[in-house]
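Take a look at the structure below.
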Amino acid sequence: MDEPNGRRRRATVKDVAIEAGVSRGTVSRVLNGQRYVSDEARAAIDAAIAKVGFIPNRAARSLVMQSSQAIGLIVHEPHSLFVEDPNIGAILLGANAALSDADYQLSCLIADTSRDIDRLARYLSGGLIDGVIVVSARVGDPITRAIDNLGLPATFVGHPRDIGEAAYVAIDNRGAAREITTRLKATGRRRIGMVAAALDRDSGSDRLAGFVDALGADFDPQLVQSVPLYSYSDGQAGMRALLERAPDIDGLFASSDAVAAGALDVLQSAGRRVPEDVGIVGFDDSSWALRCEPALSTVRQPATELGRAAAESVLRQLRGEDAGTGARVLECPVVWRGSA
């Protein structure tokens, strides 16, 4: 296991699992002193550890079968959005409540730049946390790869397509987007556009897919404006671009409430009445929805419950009650208000 620079690469849990012919979860349970592992598997893992030269991390948990009693909440978003997005705060509070009940500490870890990601990968390998909850992971995310290589107990909020059989909690973004767009269309709108945010992650791409589903043959790709983030400023920028391209737009699905609030500001500044001239719907039912005038029609995302469910999933993995696989999908009903 030599690297190009000639130095020997440090063996990982994944290397042990491959050599022993077992899953990474099984190796993690043996290292953590948990039950539900056969004597044969333990013997194979012990032999594999010796063969590949695996050295457990420096945390006391790994050295003497103790635990750090800490779970990391990894948020892969810019620092500014961490403060602005109420969903992230609600997920954090939900996770913290569940961990507090179990006498665990929550450690909040923000990944914005590539430097942050490299630093986080090193931190995760140090054994200072027992497991992780991951928010806003992208396909091909290096954080996901680091977690996979380390064999850390993990649960994702959302369902990136490349997490294999890792545990996740999520909502039906596509179905909810389809439902609220269908309801917007039923109000008589004929030129319905979308400010589509965060298409590099499953939530954003699924909401766009649901929008396309609802419009069917009426879908016009020229009425979709993509923006990077679920933010107020991106909602403003996206709406300006749509108005310039399609001034006759009469309906809008914004892929988050913050995006919808930014779009509403631009429409009203342009002299468009909401909902008389343009009907708007958002997504999340966050505090942004009630700040708007008129209040936003939206989809209620159970962010606090998602955080709690994710934390409970990681705790179950740490107790050896499952192998870290499984999914839980929570309900997300439409909330209809004055904006549409």
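The values are calculated or read from the model by the stated rules, or taken from the named source; none is laboratory data. What you see is a predicted model; the values in this text were computed from it and never measured. Here the Cβ positions follow ideal geometry from the backbone for every residue, glycine too, while neighbour counts run over all protein chains shown. These area figures cover heavy atoms from the full protein model, side chains too; ligands, DNA and RNA do not enter into them. Shrake-Rupley method; radii C 1.70, N 1.55, O 1.52, S 1.80 Å.
Annotations for the structure displayed:
- Some residue of the stretch 19-34 being modelled with pLDDT of 90 or more, in a helix (DSSP H, G or I) and either of a type in the set (D, E, K, R) or over 16 Å from THR325 (Cβ atoms) (or both): yes
- Qualifying residues in the stretch 294-320 (those that are touching a residue at least 24 places away in the same chain (Cβ under 8 Å) and among the charged types (D, E, K, R)) - the one least open to solvent (accessible area, probe 1.4 Å): GLU312
- Every residue from the stretch 262-284 that is over 17 Å from the mean Cα position of the chain (by Cα), buried (at least 24 other Cβ atoms within 10 Å of the Cβ) and over 17 Å from ALA241 (Cβ atoms): VAL281, GLY282
- In the stretch 178-186 there is at least one residue that is open to solvent by 10 Å² or more (accessible area, probe 1.4 Å) and not in a helix (DSSP H, G or I).
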